[in-house]
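Heads up: the structure comes next, in structure tokens.
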Amino acid sequence: MKVLLLLPLALIGCDSDPADQDAARALIDANGCGTCHRIPETEGADGLTGPPLTAMSRQVYVAGVVPNTPDMLTAFIADPQAIDPRSAMPDLGLSLEEARLIGEYLYAVGGGS
Ligand code: HEC
């Protein structure tokens, strides 16, 4: 049922404007994502505890368990254990809106190379 509630988020699309990117960077900074993850174009995001988020737009799965779609990425960032109860990624208490902003940012900067 939770997935149904997230469907409208998928329809918003993943274009990322500069103001949204700034907001996403601020959220990433405030929540310490970069202490565990390497994130392109994001100052100080060079952690190695979690996987590098350098090709999020090209990955097939999120966290290796669900298809990589905007709504799944949002859901995982907002509540990792709802997607995979054994995930080592902490639940940082983000709202769905905050998680969506971050997810769009990760798609925008995570083109892989
Ligand atoms: C304490 C370390 C830690 C912090 C802080 C952290 N993560 Fe993670 N994250 C992990 C670990 C470990 C995994 C791998 C677990 C998994 O795949 O279930 C992970 C997985 C992920 C994935 C899936 C990656 C993939 O390859 O599919 C995404 C996306 C992600 N984290 C985003 C974030 C975001 C955004 C934040 C900040 C809001 C954040 N993480 C904060 C440790 C962390």
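The values are calculated or read from the model by the stated rules, or taken from the named source; none is laboratory data. This one's a predicted model, so the numbers in the text were calculated from it and none came from an experiment. Heads up, the Cβs are rebuilt from the backbone with ideal geometry, glycines too, and the neighbour counts pull from every protein chain shown. These accessible areas exclude ligands, DNA and RNA; they are computed on the full protein's heavy atoms, side chains included. Shrake-Rupley method; radii C 1.70, N 1.55, O 1.52, S 1.80 Å.
Around the amide H of V62, modelled in the peptide plane, lie the amide H atoms of N68, all under 5 Å away and 5 or more residues distant in sequence or on another chain.
Within a Cβ distance under 14 Å of H37, other residues only, what is the Lys/Arg minus Asp/Glu net charge?
On the way: positive: R25, R38; negative: D29, E41, E43, D46.
Residues close to H37 contribute a combined charge of -2.
At most 11 other Cβ atoms within 10 Å and a DSSP loop assignment: could you name the trypsin sites (Lys or Arg not before Pro) in the range 23-113 that fit?
The qualifying sites are R86.
Restricting the range 18-113 to GluC sites (Glu not before Pro) that sit in a DSSP loop and have at most 14 other Cβ atoms within 10 Å of their own Cβ leaves E41, E43. Using a probe of 1.4 Å, the accessible surface attributed to T35 totals some 100 Å² when neighbouring protein chains are kept in position. If a spin label sat at a point 7 angstrom from the Cα of E97 along the line to its beta carbon, the backbone N atoms of the range 27-49 nearer than 15 Å would be those of 27.
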